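The values are calculated or read from the model by the stated rules, or taken from the named source; none is laboratory data. Note that the structure is a prediction, hence the values are computed from the model and not measured. Here Cβ is always computed from backbone atoms with ideal geometry, including for glycine, and neighbour counts include all displayed protein chains. Ligands, DNA and RNA are stripped out before the accessible areas are found, and what is left, the full protein with its side chains, is counted by its heavy atoms. Shrake-Rupley method; radii C 1.70, N 1.55, O 1.52, S 1.80 Å.
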Amino acid sequence: MSESTSIHGQWSSRLVFVLAATGSAVGLGNIWKFPYITGEYGGGAFVLVYLGCILLVGLPVMIAEILLGRRGRQSPINTMRMLASAQGVSPAWSWLGWAGVITGFLILSFYSVIAGWAISYAWETFSGTFSGASAEEVGDVFGTLVSSPGQLLFYHTLFMLLTMYVVGRGVKQGLEKAVTILMPILAILLAIMVGYALAQGAAAEGLRFLFQPDFNAVFQKCTEESGTQVCTFTREPLLVALGHAFFTLSLGMGAIMVYGSYMPSNVSITRAALMVVAADTVIALFAGMAIFPLVFANGLEPGSGPGLIFQTLPIAFGQMPGGLLIGGLFFVLLVFAAWTSSISLIEPAAAYLVENKGMSRPLAASTVGGICWVLGIGTVLSFNLWSDYKLFDRTFFDLLDYLTANILLPLGGLFIAIFVGWISKRHLSESELSLSPGLFKAWWFVLRFLAPLGIFVIFLNAIGVV
Ligand code: PHE
């Protein structure tokens, strides 16, 4: 194998890397998860903390993760093993790669179920179910879907097959085209939704909720219990904001590392990272601006949880002119956005199986996809038959979501920061990033001190130490 390219191929330009990484970053995290956790944790102040985490932790760690990938040019497991021995430290660093593979499995298992909701909603919207529907009727459609294990399993299976198909063919083919055309259309549709929500919804209230920080609200978690809002004190929001910064940028589990390993050597890592972070953040804020004006205009509860977008957007689709078409298209594109994310969730594992076990790509993709599919059944059931089985007060789905986003991804990010900031020789990063000395110093400082310390302190806060 030559030193400067991966056996799995290489992106054809910076633009393609940026598109693929943006495809990975922009997904359900932006459009489904960001609005509902913002709703649960009280709005503006949470958004502010989240943006801080993106800038001070997410961006520097993303640069570090791409850097490792491009330096190693292999699956994260082999990359970490190789780079660790090159620096004369224990090959046990390959565990960082393994942890990422496991995290990717866990995330994809529930990600696929939620993407399945979007497939079902594309279908329902096109076929007119939401035409003129009231908030209550829209809510019932959601309730019926999640209470049916059969339907959820069907759509989960469909989505997993789509994912395995692309990973089996090699991430480059197909993906390049899909992201170049579909991602921009999704952004445009989302912009239309923002326009509609601001014009027809409770714009002032929605924007105030999203952008006016109320720090008293941050440490309160509000949920709806039989029609009334119940708020309790919680230490979670800082951790959830940090975890979501990792989740939404696809950081800390090797997805961005493996994409970095296909990045041509002459491309600027920092510029690419900046573009991905900017695109991801804009899409998330758009989603919030499209949803909260509708939430307030329809008397819905911002903290109603994972169903939030599925219970609000269809109301607008059912009322606006051409809404069924726009809405159907919106959900189709949401499925695409989820698809370009899900393939990056199993690419690290698939690349490893091809490298080390000599598997063909289709076999590697089916193996990992199969494991995630089986795990996903737990999430399917957690919304209905198992909804009463709770561990630490969480259902199977809640548990997976919490464990991956709030613990495993930030830990992965912490170790990436430590490896690049403290173990790798400084001059390696310096020459690879070719930044101006001032900028390099700033990144180096943030990566070595601020980001790791931030993650550490937020962890301590979550367990009640600070
Ligand atoms: N970033 C994706 C999203 O926001 C999810 C993801 C997480 C993808 C981790 C890859 C790795 O939907």
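Can you give the accessible area of Ser148, probe radius 1.4 Å, in Å² rounded to 10?
Taking all protein chains as shown, Ser148 has close to 30 Å².
Quick check: convex hull of the Cα atoms in segment 426-466, volume per residue, rounded to a whole Å³? Let's see the in-between values first.
Details: hull volume 2.6 nm³, N = 41.
Value for segment 426-466: 63 Å³ per residue.
Taking the Cβ of Gly168 as the centre, find all other residues whose Cβ is under 14 Å away and add up their charges (Lys, Arg: +1; Asp, Glu: -1).
Here the charged neighbours net out to +2.
Using a probe of 1.4 angstrom, how much of the accessible area of segment 14-462 is carbon and sulfur, in percent?
Ligands and nucleic acids excluded, carbon and sulfur reach 67 percent.
Given Met82, Ile416, Leu242, which one lies farthest toward the positive end of the charge dipole of the chain, if we put +1 on the Cβ of every Lys and Arg and -1 on the Cβ of every Asp and Glu?
In the chain, that residue is Met82.
In nm², what is the average projected area of the convex hull enclosing the Cα atoms of segment 285-330?
So the Cα hull casts an average projection of 3.2 nm².
To the nearest 500 deg cm²/dmol, what mean residue ellipticity at 222 nm is calculated for the chain from DSSP H runs of n ≥ 4 alone, each contributing -39,500 (n - 2.57), summed and divided by the residues?
My calculation for the chain gives -22500 deg cm²/dmol from helical runs alone.
How high is the FRET efficiency from Ser90 to Ser134, r the C-beta distance, R0 56 Å, rounded to 0.05?
Rounded to the nearest 0.05, the efficiency is 0.40.
At 7 Å along Cα-to-Cβ for each site, give me the label-to-label distance between Ala199 and Ile181 in nm.
2.8
What's the lysine pair count for the chain at a Cα cut-off below 23 Å, pairs eight or more apart or interchain?
On the way: Lys33/Lys221; Lys33/Lys390; Lys172/Lys357; Lys221/Lys390; Lys425/Lys441.
Summing the qualifying lysine pairs gives 5.
Calculate the length of the line joining the C-alpha centroid of segment 403-466 to that of segment 247-279, in whole Å.
15
Within a Cβ distance under 11 Å of Leu251, other residues only, what is the Lys/Arg minus Asp/Glu net charge?
That works out to -2.
Quick check: net charge around Leu294, other residues with Cβ under 14 Å of its Cβ, Lys/Arg +1 and Asp/Glu -1?
Around Leu294, the surrounding residues sum to -2.
What is the dipole size for the chain, taken about its Cα centre, with +1 at each Lys and Arg Cβ and -1 at each Asp and Glu Cβ, in debye to the nearest 20? Walk me through the numbers before you get to the answer.
Working: 21 positive and 23 negative charges, 359 e Å.
In total the dipole reaches around 1720 debye.
Suppose each label sits 7 Å from its Cα in the direction of the beta carbon; what would the Ser127-Arg394 distance come out to in nanometres?
My value for the distance between the label points is 3.5 nm.
What accessible area per residue, rounded to a whole number of Å², is obtained for segment 14-462 using a probe radius of 1.4 Å?
On the way: 16240 Å² over 449 residues.
Accessible area per residue: 36 Å².
Positive end of the dipole of the chain, charges at C-beta (+1 Lys, Arg; -1 Asp, Glu), about the Cα centre: which of Phe219, Leu447, Gly303 has its Cα farthest in that direction?
Positive-end residue among those listed: Leu447.
State the dimensionless ratio Rg/Rh of the chain (Rg: radius of gyration of Cα atoms; Rh: Kirkwood radius).
Here Rg/Rh amounts to 0.96.
Once you have the Cα-Cα distance between Ile192 and Thr234, take 0.36 nm times their residue separation minus that, and quote the gain in nm to one decimal.
11.6 nm
Considering the dipole of the chain built from charges on the beta carbon (Lys and Arg +1, Asp and Glu -1) around the Cα centre, which of Val230, Val26, Gly252 is farthest to its positive end?
Projecting each Cα onto the dipole axis, the largest value belongs to Gly252.
Contour minus end-to-end for Ile407 and Phe449, with contour as 0.36 nm per residue of separation and end-to-end as the Cα-Cα distance?
Details: separation 42, 0.36 × 42 = 15.12 nm, distance 1.95 nm.
Separation in residues times 0.36 nm, less the Cα-Cα distance, equals 13.2 nm.
Subtract the Cα-Cα distance of Leu460 and Ser12 from 0.36 nm times their separation in residues, and report this length gain in nm to one decimal.
157.0 nm
Leaving ligands, DNA and RNA out of it, rank Glu225, Glu355 by accessible area with a 1.4 Å probe, largest first.
Glu225, Glu355
Roughly how many whole Å is it from the C-alpha centroid of segment 102-181 to that of segment 375-401?
18
Can you list which of the DSSP-assigned H helices in the chain have a Cα extent of 27 Å or more along the long axis and an average Kyte-Doolittle score of at least 0.0? Mind dumping the intermediate values first?
Working: long enough: 94-126 (47 Å, 1.14); 149-169 (30 Å, 0.91); 172-200 (41 Å, 1.36); 269-297 (43 Å, 1.96); 323-357 (50 Å, 1.36); 361-382 (32 Å, 1.25).
Taking the DSSP H segments of the chain (at least 27 Å long, mean hydropathy at least 0.0), we get 94-126, 149-169, 172-200, 269-297, 323-357, 361-382.
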